[in-house]
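The structure appears below as structure tokens.
The values are calculated or read from the model by the stated rules, or taken from the named source; none is laboratory data. Just so we're clear, the structure is a prediction, and the values are computed from it rather than from any experiment. Using ideal geometry, Cβ is built from the backbone for each residue, glycine included, and neighbour counts are taken over all protein chains shown. Side chains are part of the model used for accessible areas, which takes the heavy atoms of the whole protein and leaves out ligands, DNA and RNA. Shrake-Rupley method; radii C 1.70, N 1.55, O 1.52, S 1.80 Å.
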Amino acid sequence: MLDGRNDVVGTQEMSQVPSWVDANWASASKTGDNLVFTMDLAGALPASVDAGMAAEWGFMIDSTASGSPDWVVYASDTVQDGWTFGVFNPKTKQRLSGPQFPGTATHADTKVTLTVNAASLGAPQAFTWFAFTNIYEKSTSGGQAQQAGDKIPDNGVPDNSADWLPFP
């Protein structure tokens, strides 16, 4: 699924938003027993994020046609933890990350690819999904953290949205 360039949205006070927050393309596919989620970004990924920042790239999956996510497959980068990968069930709060991550992940140049064993997500044969990016930056004035991000599709939001993408 293609996405427009320069369509990152966020709080006005956020300093310059890096190009690697702008998602240009995302896909979901199946290879054998695995689901493969890939995102291409407008700029090259950093070796690490700046102090006071956290970034994440992910895919929300609705495998029960409930209109809200059953699983989130994600990659994140913070100064404290470095790159981490995981799956999260927002309904049960189950999180499999670090050595428990049921798959593989790569991040190079402008691409993030997350490959997850479908059985770890309940082995869905069909589902709807959308991709997202987020960056958070501590406020320099002591207020709330500033945030910016992108979604594919732009109208794909959790909880009762009809704009999620179908798989297959």
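List of remarks:
- Of the residues in the range 79-99, none is touching a helix residue (DSSP H, G or I) at 6+ places or on another chain (Cβ under 9 Å), closer than 24 Å to GLN146 by Cβ and touching a residue at least 40 places away in the same chain (Cβ under 8 Å).
- Matching residues, the range 106-119, being open to solvent by 30 Å² or more (accessible area, probe 1.4 Å) and among the small types (Gly, Ala, Ser): ALA108, ALA119
- Residues that are among the acidic types (Asp, Glu) and either crowded, with 16+ Cβ neighbours inside 10 Å or out of contact with any helix residue (DSSP H, G or I) (no Cβ under 8 Å at 6 or more places or on another chain) (or both) do not occur anywhere in the range 25-39.
- Residue match in the range 68-78 (condition: open to solvent by 20 Å² or more (accessible area, probe 1.4 Å), more than 21 Å from ALA44 (Cβ to Cβ), of a type outside the set (Gly, Ala, Ser) and not in a strand (DSSP E or B)): no
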